[in-house]
Amino acid sequence: MAKLYFNYSSMNAGKSTMLLQSNHNYLERGMKPQIYTSDLDNRYGSGEIVSRIGLKAKSNTFNTKTDIYKDILNKNNNDPVDCVLVDEAQFLTESQVEQLGRIVDELNIPVLAFGIRTDFQGKLFEGSKFLLAWADNLKEIKTVCHCGRKATMVLRVDDEGNIMADGSQIEIGGEERYVSVCRKHFKEKKIA
């Protein structure tokens, strides 16, 4: 029976690496996964998922208007889809999370979503909020704060390394823009 999985963490915990490994496992067995990532993250080009350790794969992209259910339904009618993998799942809308549930419930295709739980102000992203509420299986991917505790939050830094308290919820970036920290250091706004 197919399920909707949400694998979440703070930044730099290996979410994309895990997604790419899952994709590889399906392909290695002759199966046909479909990969999606947000069109907001084009650091490596549109429709490309790249992990920090160098793994990469081409991907479908989604934006707030993409109907992922219809896309998978059409692809599945032409050539069976064995799994749907979603990177940057925090950028999904409530409607798109419902669509992922329909893919699981109506098409019996497992969906593995990977994303960040909270933004740099400690607030849930829309996609993460509804995945936390509706996923069949939740898995926290752990990473560590500079103090050695489990990092569950992220701080955004500017070009000089100063911690930012304000700004839009979405700003694409990696290690140069975000630092994963524990709750204590998130509250203290301390990165080292």
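Computed quantities for the displayed model
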read-out	value
Qualifying trypsin sites (Lys or Arg not before Pro) in the range 120-156, DSSP loop, other Cβ atoms within 10 Å at most 13	123, 142, 149
Assigned charges on the beta-carbon of Lys, Arg, Asp, Glu; the range 111-153 dipole about Cα centre (debye)	220 debye
Of all DSSP beta bridges in the chain, antiparallel share, percent nearest 5	40 percent
Gaussian network model of the chain, springs between alpha carbon atoms under 10 Å - residue of 53, 72, 35 with greatest fluctuation	53
Dipole of the chain [Lys/Arg +1, Asp/Glu -1 at C-beta], most positive-end residue of 148, 81, 99	148
Unit charges on C-beta of K, R, D, E only; dipole of the chain, Debye	740 debye
The chain, relative contact order in percent, only Cα pairs under 8 angstrom and at least six apart counted	27 percent
C-alpha center-to-center spacing [the range 1-77, the range 96-127] in angstrom	12 Å
Neighbour-count order for 166, 39, fewest beta carbons within 10 angstrom listed first	166, 39
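Quick note: the coordinates plus some simple rules give every number you see, no bench work behind them. What you see is a predicted model, and the numbers here were worked out from it, not measured in a lab. Note that we place each Cβ from the backbone using ideal geometry, even for glycine, and neighbour counts take in every protein chain shown.
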